[in-house]
Amino acid sequence: MKLKFNSDGKFKILLFGDIHEHYDYETNPRFKDMNKLMNAALDEYKPDLCVLLGDNCNTNHIEDDPEAFEKMLRAVVEPMTSRKIPVAAILGNHEHDHGHEDEVIEIYNRIEGLIIRNDAPEGVTGNANFKELVYSSDGEKPVFCLWFIDSNNCFEDRSVSHYDYVHPDQIEWFEKECGKLKEINGGKPMPSFVFQHTPVPEEYELLRKAKLWELPVAVRGYNTKKDTFYVGKKGTKDYVGEGPCSPDVNSGQFASWKKVGGILGAFFGHDHLNDFSGFYDGVFMAQHKTAGFRAYTDGCKSCVRLVTIDENNPEVFEQELRRFKQFGLKSESLGPVMRTISDRQSFWLHVLGYSSLAAGGITAAALLAKYLIKKHGG
Ligand SMILES: [Fe+2]
Ligand SMILES: [Fe+2]
């Protein structure tokens with residue numbers, strides 16, 4: 001499938017994070033809510049390509065019933081396939097969970113319009129590392145590169161890192177391919193995006209340590225960063241809902257992007273509560289909350305992101321985030337409170353919950369201290 005800019009010089013990419021669809025989708029209102037979000041976003045934006053950022057569909061029973069998996073996947077992507085919009089998919093950690101990556105990729109490829117494959121040579125880590133070029137509107141020359149990188153599953157030694165990372169052999173392959181693109185791009189790095197499930201550790205560079213009075217709105221760092229609480233840095237936009245679950249080992253992927261040049265932006269899934277974004281060292285990095293309602297989420301803020309690139313100015317792109325309720329949609333799966341309140345109210349409800357917990361903790365500590373002092377004194 002050849003992707004190319006439209007006659008107006010634009011190419012629009014619509015991103016969906018962690019849908020986590022289940023086999024009971026036909027009777028579950030959470031599927032209906034996700035489907036409503038997808039249809040509303042497709043009607044509004046009319047994208048040229050959609051991207052599923054991993055953890056797309058539950059692969060639990062794929063070996064016993066591949067047809068059921070295919071049926072579910074077809075239902076998930078139906079809003080795109082019925083509109084003849086291509087869909088690139090990447091693997092999330094949960095697509096790796098059961099060791100059936102090859103079957104998963106094979107079933108994705110049974111559906112017309114879905115793009116997922118492995119371009120890297122045999123032996124390179126990961127099951128689906130590939131790239132797609134976006135050609136000029138006349139179809140003559142590649143202008144932009146979209147990288148789809150497999151960030152693998154969990155790390156073998158959880159005391160070192162909970163999540164795996166993009167391995168040096170994947171980075172080596174990526175750099176070689178970037179060298180080839182540079183050659184065909186007149187000696188200049190080709191402008192590119194990276195789409196990947198698990199974020200790079202540099203995502204924490206968009207956050208800073210929270211001050212004491214900011215703790216109710218702060219998030220706790222993940223795994224080896226669990227002793228620190230974070231808030232978004234100045235310039236970081238949108239919602240920081242949890243400590244980013246990036247690997248604890250830095251394999252040098254971000255450094256490699258800087259080395260090869262041309263990487264303008266990186267778009268990640270995996271953290272179901274984060275949709276923040278910002279620039280670090282000249283690279284735009286964006287986190288995507290779940291676009292679904294199946295996995296852990298506060299529900300209210302399930303969102304999509306549109307990224308628009310321009311053939312005539314490929315170094316500059318536009319992007320915007322839009323949440324479920326901003327499309328004017330009404331949820332059928334959320335409870336009566338969550339479906340009624342605004343996103344801002346849901347944020348403050350979260351803060352209130354946090355503060356109540358903290359106040360409860362302080363009161364309990366004070367009572368315990370009083371009891372111990374009294375006991376000691378008696
Ligand atoms: Fe997920
Ligand atoms: Fe994940």
field: Karplus-derived 3J(HN,Hα), 6.51/-1.76/1.60, for each residue of the stretch 200-207, Hz, glycine and proline x
entry: 6, x, 5, 4, 5, 5, 8, 10
query: Taking amide hydrogens as modeled 1.01 Å from N in the peptide plane, which residues meet the under 5 Å criterion relative to C154, leaving out close sequence neighbours?
result: D164
statement: So for R0 = 56 Å, FRET eff. of L357-D138 from the Cβ-Cβ r, to 0.05, ends up at 0.40
message: Using a 7 Å offset from the Cα along the Cα-to-Cβ direction at both K180 and K234, what is the distance between the two label points in nm, to one decimal?
response: 4.5 nm
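Could you tell me the relative contact order of the chain? Use alpha-carbon pairs under 8 Å, at least six residues apart, and round to a whole percent. Don't skip to the end; give the middle numbers.
Values: 761 pairs, mean separation 70.6, N = 378.
Averaging sequence separation for qualifying contacts and normalising by length gives 19 percent for the chain.
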- prompt: Considering only the stretch 3-334, what is the antiparallel percent among its DSSP beta bridges, to the nearest 5?
  reply: 55 percent
query: Taking every pair of alpha-carbon atoms in the chain, what share in percent sits in each 20 Å bin, from 0 to the bin with the longest distance?
result: 27, 57, 13, 2, 0
field: Structure-based [θ]222 nm, the chain - -39500 (n - 2.57) summed over DSSP H runs of at least 4, per residue, nearest 500
entry: -9500 deg cm²/dmol
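Which whole-number percent gives the relative contact order of the stretch 109-253, counting Cα pairs below 8 Å spaced six or more residues apart? Present the calculation step by step, with values, prior to reporting the outcome.
Working: 229 pairs, mean separation 30.5, N = 145.
Relative contact order for the stretch 109-253 comes out at 21 percent.
Output the pairs from K4/K330; K234/K289; K36/K289; K176/K225; K131/K188; K84/K141 with a Cα-Cα distance over 27 Å in this structure; if there are none, say none. It would help to have the intermediate numbers written out before the result.
Working: K4/K330 35 Å; K234/K289 20 Å; K36/K289 16 Å; K176/K225 33 Å; K131/K188 18 Å; K84/K141 23 Å.
Exceeds cut-off: K4/K330; K176/K225.
Laboratory data are not the source of any read-out in this text; all were calculated from the coordinates shown. Everything numeric in this text was worked out from a predicted model, so none of it was measured. Methodologically, a virtual Cβ is constructed for each residue, glycine included, from the backbone with ideal geometry; neighbour enumeration extends over all protein chains shown.
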